[in-house]
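Heads up, the thing below is written out as structure tokens.
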């Protein structure tokens, strides 16, 4: 199922939450809506689900307009942030709920519930109550309940935010596996950059009700459209610079801390360590350029113990220099 959004605007009272949003989610794609709290990503997801109606613009599933179509007629499965499982029902009964309201026969319901629980690897927990499950297991049940209706579109609203760090990593791999198995067009809302970068086929980075950039994870990370995207998607150091000139393959940049070459020869400079944070697989350094200016650097799999005040020779690969206009 292809999802097309054209000039969609949504207001709550006098507040414009979404401002003429346009994007297209391809068939079988795992597409992410990424942005900080309040950017409008969950509102957009709820518009796709049919819980809200737009004030302007259009939404299509393939070529079928969704204007006025209620949620239960869109064949979209949704997984909420808080799972929303019925505590008085077993796992199997929770999964079957969407089939009960669709008047599916008992034999077909039993088969489809078993299939959905099989996809999320929860068959042996069918007769348990939700409160007997871990957070990760409850999330799998919520996924099974969304999958059992055989949706054309799967909508995930920050599904991993209530899990601890280890379970989030585990469930990322589960979502990747389940999407690869089912091939359902999936739209996933998150504020977690790592989730988006590790899972998305493509993503839309949002801010204040508009889309700042759409692209695959590597493109968005390596070539952000503006400073907001660069700051939001990863750790970025910014230095004010003037372009001194261009030459074959690059440009010369003048800063208060020396000259740099972008997309040309490697740059290096000697900096003092202002702070060290050991994080296991990486070590993070705060390096002092001047009394008022520091930059961050990371070392993978650190072998040496470095102290505050030591001098480091820092190499900057030209392709890691991004030149954007001042804002």
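The values are calculated or read from the model by the stated rules, or taken from the named source; none is laboratory data. None of these values were measured; they are calculated from a predicted model. Cβ sites come from the backbone with ideal geometry, for glycine too, and all protein chains shown count toward neighbours.
Restricted to segment 18-28, and to residues that are surrounded by fewer than 20 Cβ atoms within 10 Å (Cβ to Cβ) and in contact with a strand residue (DSSP E or B) (Cβ under 7 Å, 6 or more places away or on another chain), which residue is nearest to residue 207 (Cα to Cα)? Among those residues, the one meeting the criterion is 19. Entry remark, segment 39-80: residues being touching a residue at least 24 places away in the same chain (Cβ under 8 Å) and on the phi > 0 side of the Ramachandran plot number 5 in total. Run residue 257 past the list (1) touching a strand residue (DSSP E or B) at 6+ places or on another chain (Cβ under 8 Å); (2) buried (at least 17 other Cβ atoms within 10 Å of the Cβ) and report the number of the one that doesn't hold. Unmet for residue 257, out of (1) touching a strand residue (DSSP E or B) at 6+ places or on another chain (Cβ under 8 Å); (2) buried (at least 17 other Cβ atoms within 10 Å of the Cβ): (2). Residue 162 falls short on exactly one of the conditions (1) assigned to a loop (DSSP other than H, G, I, E, B); (2) within 13 Å of the chain's Cα centre (by Cα), and that condition is (2).
Is it the case, given these coordinates, that residue 323 is part of a loop (DSSP other than H, G, I, E, B), under 30 Å from residue 192 (Cα atoms) and within 29 Å of the chain's Cα centre (by Cα)?
Answer is yes for this residue.
Every listed requirement among (1) in contact with a strand residue (DSSP E or B) (Cβ under 6 Å, 6 or more places away or on another chain); (2) surrounded by fewer than 17 Cβ atoms within 10 Å (Cβ to Cβ); (3) farther than 21 Å from residue 297 by Cα is met by residue 196 save one, (2).
Please tell me if residue 318 is touching a strand residue (DSSP E or B) at 6+ places or on another chain (Cβ under 7 Å), without any contact (Cβ under 8 Å) to a residue 40 or more places away in the chain and surrounded by 15 or more Cβ atoms within 10 Å (Cβ to Cβ). Considered against the rule, which asks whether it is touching a strand residue (DSSP E or B) at 6+ places or on another chain (Cβ under 7 Å), without any contact (Cβ under 8 Å) to a residue 40 or more places away in the chain and surrounded by 15 or more Cβ atoms within 10 Å (Cβ to Cβ), residue 318 comes out as no.
Candidates 62, 100: the one that is modelled with pLDDT of 95 or more, in the same structural domain as residue 138 (by TED's automatic domain parsing) and exposed (fewer than 12 other Cβ atoms within 10 Å of the Cβ) is 62. In the set 253, 239, only one residue is farther than 24 Å from residue 154 by Cβ and in a loop (DSSP other than H, G, I, E, B); that residue is 239. If you go through segment 89-104, how many residues are in contact with a helix residue (DSSP H, G or I) (Cβ under 9 Å, 6 or more places away or on another chain) and assigned to a loop (DSSP other than H, G, I, E, B)? Of the residues in segment 89-104, 5 are in contact with a helix residue (DSSP H, G or I) (Cβ under 9 Å, 6 or more places away or on another chain) and assigned to a loop (DSSP other than H, G, I, E, B). Per the listing 180, 136, the residue uniquely in contact with a helix residue (DSSP H, G or I) (Cβ under 6 Å, 6 or more places away or on another chain), part of a helix (DSSP H, G or I), without any contact (Cβ under 8 Å) to a residue 40 or more places away in the chain and on the phi < 0 side of the Ramachandran plot is 136. For residue 149, are the conditions met, namely being closer than 23 Å to residue 32 by Cβ, in the same structural domain as residue 85 (by TED's automatic domain parsing) and in a helix (DSSP H, G or I)? Considered against the rule, which asks whether it is closer than 23 Å to residue 32 by Cβ, in the same structural domain as residue 85 (by TED's automatic domain parsing) and in a helix (DSSP H, G or I), residue 149 comes out as no.
Taking (1) in contact (Cβ under 8 Å) with a residue 12 or more places away in the chain; (2) within 25 Å of the chain's Cα centre (by Cα); (3) farther than 30 Å from residue 21 by Cβ; (4) surrounded by 11 or more Cβ atoms within 10 Å (Cβ to Cβ) in turn, residue 221 satisfies each apart from (3).
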